[in-house]
Every structure is written in structure tokens, then in C-alpha cells.
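The values are calculated or read from the model by the stated rules, or taken from the named source; none is laboratory data. Owing to the predicted nature of the structure, the values given are computational and were not obtained by experimental measurement. Backbone-built Cβ (ideal geometry, glycine too); neighbour counts: all protein chains shown.
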Amino acid sequence: MKKNKTLLIITTALCLLPIALGLLLWNRLPEQIPVHWNFQGEADRTAGKASAVFFLPAVITAVHLLCAFVTRNDPKHSVIPDKIMGLVLWICPLLSIFTSFLTYTAAFGLSLNANLVMSIFLGLLLISVGSYLPECPHNYTIGIKLPWTLADEDNWKKTHALAGPLWIAGGFAMILTSFLNIQSANLLILILIAIAVIPAVYSWRLYKKKSADGKAE
């Protein structure tokens with residue numbers, strides 16, 4: 001518990017770090033700053049300096065604290081390992097730092113392939129989460145929460161055992177396509193749909209098979 005509280009303080013501070021950096025750079029920042037990029041890597045939306053510096057890190061910090069609270073108060077929180085909790089606590093600060101890195105580099109006109117950077121970040125995130133999924137214990141907060149997985153621990157374990165390698169493969173595919181300069185929104189969506197739908201269908205089939213076996217008995 002003490003270890004998680006210390007980590008929560010550290011990760012929350014990291015979520016807010018881009019605001020501190022923005023304040024240090026305030027007088028050098030332009031009045032309008034890019035905050036969104038299309039699939040061609042071109043900035044297609046800007047925001048005022050105050051909004052760019054404060055808004056997104058503040059929102060991410062709020063989400064971070066909410067995730068920590070919900071995970072900590074899961075009805076089965078006692079079975080959530082420290083490394084799973086650690087993963088939850090690190091996602092938002094890394095996202096805050098990453099998005100602010102893109103924003104500040106764009107603000108100063110530095111040349112950066114936003115698509116490549118975003119694809120690598122998302123790919124590494126999928127790989128990291130995928131490596132933990134098979135170890136994720138049966139709970140109501142973290143993992144693939146479907147009616148069939150929540151109702152049956154065996155279904156949960158088998159579904160997550162399949163989803164883990166699938167998410168890792170999806171992460172590597174996302175990174176590979178970025179290096180091959182395959183910049184397609186459809187391909188990105190296809191990867192995300194595949195890693196979400198395949199485990200769900202597999203879980204449902206396990207449920208139906210078990211239900212059929214139970215009726216046969």
C-alpha cells in the first residue's frame with residue numbers, strides 16, 4: 001500500500017510536469033500552438049497558449065487519479081499484483097509527457113514525424129499491456145471485462161492468455177507499418193478492431209461451449 005501511494009505521488013507529479021515546463025517556456029511559446037495531427041502527420045488544429053499548456057495535462061491527471069481510485073477500490077483489489085497496479089499508474093504520465101513533447105516541439109517549429117512518433121508510442125503501449133494481460137487476475141477493473149469473463153474465472157484466464165500475444169503482435173504491427181511509412185487510418189483501425197474483437201469472440205465461444213456442455217450433462 002505504501003509503495004503504491006509513493007508511486008501515485010510520483011506519477012501524478014509526472015502527469016503535471018508538462019505544465020511546469022510550459023510555464024518555464026511561457027514567454028518563448030507562440031500564442032497559437034499545434035495540438036492535433038492528422039494521419040499525414042500534419043498539424044490540423046491549434047489552441048491558445050494557455051489551453052495548450054494547461055488543459056490536456058490537467059485532463060490526463062484527472063483521468064490518472066480516477067483510474068488509481070477505481071483500481072484501488074475494485075471489489076477484488078486484494079488480488080491485483082503490484083506490477084499490474086504499476087502499469088495502470090504509469091500509462092497516464094507517459095501519455096502526458098508524450099503528448100506535451102509533440103506539442104512543444106511543434107510550437108518551436110522543430111521538424112518531427114508525428115505519425116512515426118505516435119505509432120511507436122502506441123505500439124509500445126500495446127506491447128507493454130499485452131505482456132501483462134496473461135498475468136492479469138480476475139477482477140472488475142483491469143482487463144477484458146465482458147459478461148462471460150467476469151462470470152467465469154476460467155474464461156477470463158483463457159481469454160487473456162489469447163489477448164496478450166495478440167496485443168503484442170498488434171503493437172509490433174503498428175510500429176512496423178510506421179517504419180514502412182504505411183500511413184493509413186484504415187490499417188490502424190483494423191489493428192485496433194482485431195485486438196479487441198478477436199478476444200471478445202473467443203470469450204463468447206468459450207461461454208457457449210461451456211453452456212452447451214452443461215446442458216448436455
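Per-structure values
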item	result
Hits in region 133-151 - residues which are more than 15 Å from Val201 (Cβ to Cβ) and of a type in the set (Ser, Thr, Tyr)	Tyr140, Thr141
Options Leu66, Leu102, Leu87: the member that is part of a helix (DSSP H, G or I), modelled with pLDDT of 90 or more and not assigned by TED's automatic domain parsing to the domain that holds Ile127	Leu66
Subset of region 100-117 (residues that are within 27 Å of Lys5 (Cα to Cα) and surrounded by fewer than 18 Cβ atoms within 10 Å (Cβ to Cβ))	Phe101
Candidate set: region 14-68, residues that are in contact (Cβ under 8 Å) with a residue 40 or more places away in the chain and in contact with an Asp or Glu (Cβ under 9 Å, 6 or more places away or on another chain); chosen: the one nearest to Asn113 (Cα to Cα)	Trp37
Residue among Ile91, Ile97, Ile120 that alone is surrounded by fewer than 20 Cβ atoms within 10 Å (Cβ to Cβ), among the aliphatic types (A, V, I, L, M), closer than 30 Å to Ile33 by Cβ and out of contact with any Leu (no Cβ under 9 Å at 6 or more places or on another chain)	Ile120
Close pairs from region 162-176: first in the same structural domain as Val117 (by TED's automatic domain parsing) and more than 13 Å from Ala194 (Cβ to Cβ), partner buried (at least 19 other Cβ atoms within 10 Å of the Cβ) and among the polar types (S, T, N, Q), Cβ under 8 Å, at least 6 apart	Ile175/Ser119
Breaking point among (1) at pLDDT below 85; (2) surrounded by 15 or more Cβ atoms within 10 Å (Cβ to Cβ); (3) of a type outside the set (A, V, I, L, M, F, W, C), for Asp152	(1)
Set Val53, Val35: member being surrounded by 15 or more Cβ atoms within 10 Å (Cβ to Cβ) and in contact with a Pro (Cβ under 8 Å, 6 or more places away or on another chain)	Val53
